[in-house]
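Notes follow the structure.
None of the figures in this text is laboratory data; all of them are computed from the coordinates on show. Note that this is a predicted model, so its numbers are computed, not measured. When we count neighbours, we look across all protein chains shown, and the Cβ atoms used for this are built from the backbone with ideal geometry, even at glycine.
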Amino acid sequence: MSRKLYMKKQRYEDSNIPESRNIMVEAIFSETSHSIKSRFLTPLAVFLNASASQIGALSAFSSLAAICGQIPGSYAVSRISGKKIWIISNIFARSVAMFVLALIALYQWESSITILVLMGAMISFFVAFREPSVSSSLADMVPKNSRGPFFGRRDSIISLISVFIVLTAGLALKMFGFPVIFIAGGIAGLLSIPPILRMRIKDGERSYSFRKLIRISPSDSITSLKVNKQLVYFTLYIALVRFGIGIGDPFFEVYMLRDIGLDYIAYTAAIVTGIIFDYIFLRYWGKASSHFGSKNILIVTGTLMCFTPLFYSMSTSFAHIILTKVYVGFTFSGFTLMTFSYLLDIAPQRQRYKYIARFNVFKEGGFFLGTSAGTLLALTFVSTGDPFTSGLKMIFYASAFFRFASIPILLSLKKKGQRGDNYRLGYVMWETAGATPVRIAGRKISHLINISFAPLKLASKIIEIAKRLFYYHARGRSWCFG
């Protein structure tokens, strides 16, 4: 397809989504604030001399706040307009908290660690508070047949923005310190409000019951299992895998900064590497899912990402971290994309926000329990002298164990009539994670070799032409005029 036809198709797809521009602009500014918070909150804790257990507590309280934010967020969908939910959440999570973090970095009070933990929890609470409204509103504003291309393009743009933001923030951190980058994140949060005001956001159903969300009884569980078995299994899988992720995820950055000893520039380079490869492989996994089906690609990426903690535990230098980040970008880009796509596919359309809220409660609950377990492991094993269990290694081993333990539930997911059902899982694994990436890499390398030899080929061609000119001139002829 030519570029002109592609652009026409793109404009046609956007014309089916009237709010596409506002969605993109809001996502860009929100991602700017989120990138600064997610990539530099742990380094700020390390800068403030927080211990490994305190950093684990930071993640644990943040995930607990995310759980607490889901329930009132679902209640607010049926009581408050969507615009108010988005604006309130962005003001507190993207702006107020970021400005407070800048003050913490600037003045470094005695209670800075406590305030840091509270701000991290506040950010997670309001991000979770708006999640049911955002997910349901996006599903209403974007038609079902356009979700894959639109969200894939949105995620690609967000990844590019993240690369630029993290690079800029890393350089600003080296030159000016933490206060400047968190102030910039707060300003970006304020700039995300105007596109929200321009959106036409559909309000939630008024018949929603707050008690129904938090009431869990055996009869309700049995009914849910009969009516929507795949959503129940998928929720259990995500809860368990998030438990495994929560054990090790808060300590990867601590491991890079303290155990390996990366400076802020090397740390930023490692983070940017992961974001770049996440962007590169988003389109690859999107194409693979259209061919093999989202369930098969979810199984492939969900299996591959279990090895991530083991690769971190074997890393001892900056080069090892870069290779690990490449692998993380390859696996997590597909896992994140397929998780969101599969959830929208199996969640019932009626009162979708209720099911998404329940899903997020279990997801964040698993992460909270994981971070709590990781904090306990940090208190137990970090100070030991054993090289196989000290330096956060035992935490990484535990994280890998529970990730692998979630695979049987993942394999139990069955969705009849989906594209890719006729492919064997082993073949899909080999094609998507083995043969096809090798073929693509081979083509890229051959192109690079051809480009690198292009000056030599041009020089040999010039020499050949010069020889012919000399030959014709020596025989008294002119190659131009005969």
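Can you give the FRET efficiency for Arg79 and Phe340, using 1/(1 + (r/R0)^6), R0 = 30 Å, r = Cβ-Cβ distance, to the nearest 0.05? List each step's numbers first, then the result.
Values: r = 26 Å, r/R0 = 0.87.
It comes to 0.70.
Rounded to whole numbers, the Karplus 3J(HN,Hα) couplings from phi for segment 304-321 are 5, 6, 5, 7, 4, x, 5, 5, 5, 5, 8, 7, 10, 8, 4, 5, 5, 5 Hz, using 6.51 cos²θ - 1.76 cosθ + 1.60 with θ = phi - 60°, and x at Gly and Pro. Each Lys or Arg adds one and each Asp or Glu takes one away; over the other residues whose Cβ falls under 15 Å from the Cβ of Ala102, this sums to +2. For segment 57-200, the percent of C-alpha pairs falling in each 5 Å distance bin, counted from 0 to the bin holding the largest distance, reads 2, 9, 14, 18, 21, 18, 10, 6, 2, 1, 0. With both labels modelled 7 Å from their Cα along Cα-to-Cβ, the Arg198 to Ser51 distance reads 5.1 nm. Length gained on full extension, Ile265 to Ala172: 32.5 nm, using 0.36 nm per residue less the C-alpha separation. Annotation for Ile157 and Tyr284: the two label points, set 7 Å from Cα along the Cα-Cβ direction, are 2.4 nm apart. Three principal axis extents of segment 44-108 based on alpha-carbon atoms, in descending order, are 44, 23, 9 Å.
Rounded to the nearest Hz, the phi-derived 3J(HN,Hα) couplings of segment 56-68 under the Karplus curve 6.51 cos²θ - 1.76 cosθ + 1.60 (θ = phi - 60°) are x, 5, 4, 5, 5, 5, 5, 5, 5, 5, 5, 5, 5, where x marks glycine and proline. Residues in segment 83-97 carry Karplus couplings, in order, of 5, 5, 4, 4, 5, 4, 5, 5, 5, 7, 7, 9, 10, 4, 4 Hz; the curve used is 6.51 cos²θ - 1.76 cosθ + 1.60 with θ = phi - 60°, and Gly or Pro positions show x. The coefficient of translational diffusion for segment 229-336, derived via Stokes-Einstein from the alpha carbon Kirkwood radius under 10 °C and 1.306 mPa s, stands at 107 µm²/s.
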